[in-house]
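To start, the structure itself, in structure tokens.
Each reported figure results from applying straightforward, stated rules to the coordinates on display, with no laboratory input. No experiment lies behind these values; they were computed from the predicted model shown. A quick note on method: Cβ atoms are made from the backbone with ideal geometry, for glycine too, and the neighbour counts reach across all protein chains shown.
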Amino acid sequence: MKIIDTVLKFNSDTMPPKNDFIEQKIRQEGIDPIRWAIIDINGNELTISVAGEKL
């Protein structure tokens, strides 16, 4: 089990984005999220801080 802490950026069509949308995007990056938080919103670009297990 490898825990990683990283920052991801992606676009969302809806504001505010749905939690399951964010978690799906995080899993697409190969991370099983333990916790995450939106740290910045610029237009429709989200910056998410993620801690989780590498899949």
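Determine the calculated [θ] at 222 nm for the chain from helices alone, applying -39500 (n - 2.57) to every DSSP H run no shorter than 4 residues and normalising by the residue count; nearest 500 deg cm²/dmol.
On the way: 1 runs with 10 residues, N = 55.
Estimated from H runs of four or more residues: -5500 deg cm²/dmol.
Label separation (residue 15 vs residue 51): 2.9 nm, computed from points 7 Å beyond Cα along the C-beta direction. Pairwise alpha-carbon distances in the chain exceed 19 Å for 21% of all pairs.
Working ranking of peptides 7-17, 28-38, 44-54 by packing, defined as the average number of other Cβ atoms within 10 Å per residue, highest first, is 44-54, 28-38, 7-17.
Taking the Cα atoms only, what angle lies between the long axis of helix 19-28 and the longest principal axis of the chain, rounded to 10 degrees? Taking Cα atoms only, the helix is inclined about 50 degrees. Which residues does the label zone of residue 44 cover in segment 7-35, counting backbone N under 11 Å from a point 7 Å along Cα→Cβ? Flagged as within label range: 11-15.
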